Amino acid sequence: QQEMAWNQGNLREFLLAYLPDGEITFVGKTVTRGMDAIRQRYETNYGSPEKMGTLRFDELEIRSLGRDYALVLGRFQLAR
């Protein structure tokens, strides 16, 4: 769903996959913590459909950390 939302240029829908709490962490070239910071990062770098390009996820690995939590690792490719 997240990949589809991105490829449709829908950043708001893409971000719904992330929990809206302060403990979420995004690791890319830099580490970004907290939903507000993650949202700002995406809006700054990809704030319009023209900037978003086409996204593809692969090598996804999901590890359950408990009833309500998981660690997701993966690789993405972004063609712009």
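From Cα pairs below 8 angstrom and at least 6 apart in sequence, can you work out the relative contact order of the chain, rounded to a whole percent?
The normalised contact order for the chain reaches 25 percent.
Pairwise Cα separations in the chain fall into 5 Å bins from 0 onward with the following percentages, short to long: 3, 13, 21, 29, 22, 8, 2, 0. Remark: the chain carries 78 Å² of accessible area per residue (probe radius 1.4 Å; ligands, DNA and RNA excluded). Shown here for the chain: GluC sites (Glu not before Pro) in loop regions (DSSP other than H, G, I, E, B) with at most 12 other Cβ atoms within 10 Å, namely Glu23.
Applying the criteria of a DSSP loop state and at most 12 other Cβ atoms within 10 Å to the trypsin sites (Lys or Arg not before Pro) of the range 18-55 yields Lys29.
The values are calculated or read from the model by the stated rules, or taken from the named source; none is laboratory data. In this text the structure is predicted, and so the values were computed from the model without any measurement. Here Cβ is always computed from backbone atoms with ideal geometry, including for glycine, and neighbour counts include all displayed protein chains. Note: areas computed on protein heavy atoms with side chains; ligands, DNA, RNA excluded. Shrake-Rupley method; radii C 1.70, N 1.55, O 1.52, S 1.80 Å.
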